[in-house]
Structures are given as C-alpha cells and as structure tokens.
Amino acid sequence: MLDTVLVIDDGSSDTTAEQARKTGAQVIVHEVNRGKGAAIKTGFRELLARNFEYVLILDADGQHLPEEIPHFLTEANASRTPFIVGTRMSDVKKMPFVRKMTNRYMSWRISRACGQWIPDTQCGFRMIHRDVIPHLFCESNNYDYETEMLLITARAGFRIAAVPVSTVYGEEKSKIHPVRDTIRFFKLMSRYRDSAAA
C-alpha cells in the first residue's frame, strides 16, 4: 500500500529513531528540535526527489490510526483532490470539550480565509499531491505551519477535501504551548489577511 515509510525524528530524547528503523522505516534525525513544521518540510524535501504521486502525513503520538490510511487513498482515487485532510468532527464524543470548541472556532476562521470549508483544520492526518508540495516551503516551522499549509494551498487554487478519521486520545500530553502558539496563529492569520488586502 505504501512505497516508503519515512520517519522524521525531530530531536527526540527517546528511542524513536531506533524503534522506527527496526520496523524497516527510513529515518532522518534532527539532532535538535526544530519544530513540527520544520520536520514536515524535511520530509517533503527528501520525498520530492523520489517518484511519488501523494505524500501522507500522520503524527507519531498515537492520535492517528494507520489502518485508516485507505480512507485517503479511496478519496484520492475517486476525486483526484490534491490535498486531503482528516476530520474528527463527525464523532466528537471522545474529544475533550476545550479541544472541540477550539477546533470548531479555528476551522471556521481558517475556512473563511481559505474560501472553502475544511471541517477539521487542526488534524495532522493529511495526504498531499506532489504538485502542491513545492508551494509549501514557507516561513512557519512550528504548529502554525499546518495552518499555513492550508492557506497556501487554497490561495494557489487547489481544492481541499476531508475524510472522516477516528478521534483518539490517550495519555499523551499536547506539546502545543497555549499562549505562544495562539499568538503565532493570530500573527499568521493577520499576515494572510494583510496580504489579501494588499
């Protein structure tokens, strides 16, 4: 089903790289933490040199189920949509209340900026066509990168689709810094609003 499994170890202090290699995955290690956006872009740079059609991204914190990858493949084969995002919003019973409200607000706000409806803009489970990826080497290197990916994609004229995925929350703690990353989000939205008005 997958041609290549590439793991980006973004400066982790555990045995992530070692365990990934044992499963047969290819691994690139950032010696120091550079941020989620920087890790994704490292993967993009590596994969652009290869002969592929789509790249699928999923977080390594257990919130995404690899067995749901076929949902993305089915959508891509049916619609040829160049950017597909998972949505957990069709079943929010397991989602913490604060995250649910935050996701709904941010999805509404970002969808307006993109000019197309994206039900779960905060989901990191995504599949992207190779034609989109060269547009995605932008300024953001942290969690705001996932928002900027959507804004860039929409402004470049590409359609964004969504496929239902499961809501999975365990014992993991979010690495999102509520103050710092919220400020980054509003700065990003302001920057794109200003560029649209220029």
For Thr87, distant residues with modelled amide H under 5 Å away: Val163, Val165
Of the options Ile110, Ile128, Ala162, report the single residue whose Cα projects farthest towards the positive end of the charge dipole of region 54-197 (beta-carbon charges: Lys, Arg +1; Asp, Glu -1). Ile110
Scalar couplings 3J(HN,Hα) for region 34-44 by Karplus 6.51 cos²θ - 1.76 cosθ + 1.60 (θ = phi - 60°), nearest whole Hz, x for Gly and Pro, are 10, x, 4, x, 5, 5, 4, 5, 4, x, 4
Electrostatic dipole magnitude of the chain [Cβ: Lys, Arg +1; Asp, Glu -1; Cα centre; debye, to 20]: 780 debye
By counting other Cβ atoms within 10 Å of each Cβ, how are Ser90, Ser140, Ser13 ranked from fewest to most? Ser13, Ser90, Ser140
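Compute the Cα gyration tensor for region 1-101, then decide on rounded, prolate or oblate, letting a ≥ b ≥ c be the square roots of its eigenvalues: rounded whenever a/c is under 1.5, prolate when a/b is larger than b/c in the other cases, and oblate in all that remain. The partial results should precede the final answer.
Numbers: a/c = 1.84, a/b = 1.18, b/c = 1.56.
It is oblate, given that a/c is not under 1.5 and a/b is not larger than b/c.
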Show the residues, 5+ positions off or on another chain, whose built amide H is closer than 5 Å to the amide H of Val7. Gln26, Val27, Ile28
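Report the longest stretch of the chain that contains none of the GluC sites (Glu not before Pro) sitting in a DSSP loop with at most 16 other Cβ atoms within 10 Å.
My reading of the result: 54-138 is the longest stretch.
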The answer for the per residue Cα convex hull volume of region 54-197, in Å³, is 110 Å³
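How do Cys123, Cys114 line up, fewest other C-beta atoms within 10 Å first? Each step should come with its number before you reach the end.
On the way: Cys123 24, Cys114 19.
Neighbour counts put them in this order, fewest first: Cys114, Cys123.
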Label Glu18 and Thr102 with points 7 Å out from Cα along Cα→Cβ: what is the distance between them in nm? 3.3 nm
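As an exercise, identify the chymotrypsin sites (Phe, Trp or Tyr not before Pro) in region 35-119 lying in DSSP coil whose Cβ has no more than 15 other Cβ atoms within 10 Å.
Numbers: sites: Phe44, Phe52, Tyr54, Phe72, Phe83, Phe97, Tyr105, Trp108, Trp117; in loops: Phe52, Trp117.
Passing sites in region 35-119 are Phe52, Trp117.
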Could you name the aspartates and glutamates whose alpha carbon sits less than 14 Å from that of Lys94, not counting residues in the same chain fewer than 8 places away? Glu171
Between their Cα atoms, which of Lys36/Lys187; Lys41/Lys93; Lys36/Lys100; Lys22/Lys93 are more than 27 Å away from each other? Lys41/Lys93; Lys22/Lys93
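Counting other Cβ atoms within 10 Å of each Cβ, which trypsin sites (Lys or Arg not before Pro) in region 1-107 have at most 15 and sit in a DSSP loop? Show your work: numbers first, answer last.
Details: sites: Arg21, Lys22, Arg34, Lys36, Lys41, Arg45, Arg50, Arg80, Arg88, Lys93, Lys94, Arg99, Lys100, Arg104; in loops: Arg34, Arg50, Arg80, Arg88, Lys93, Lys94.
Taking region 1-107 and a limit of 15 other Cβ atoms within 10 Å, the loop trypsin sites (Lys or Arg not before Pro) found are Arg50, Arg80, Lys93, Lys94.
Every number in this text was worked out from the coordinates using simple rules, so none of it is lab data. What you see is a predicted model, and the numbers here were worked out from it, not measured in a lab. All Cβ positions, even for glycine, are placed from backbone atoms using ideal geometry, and neighbour counts span all protein chains on display.
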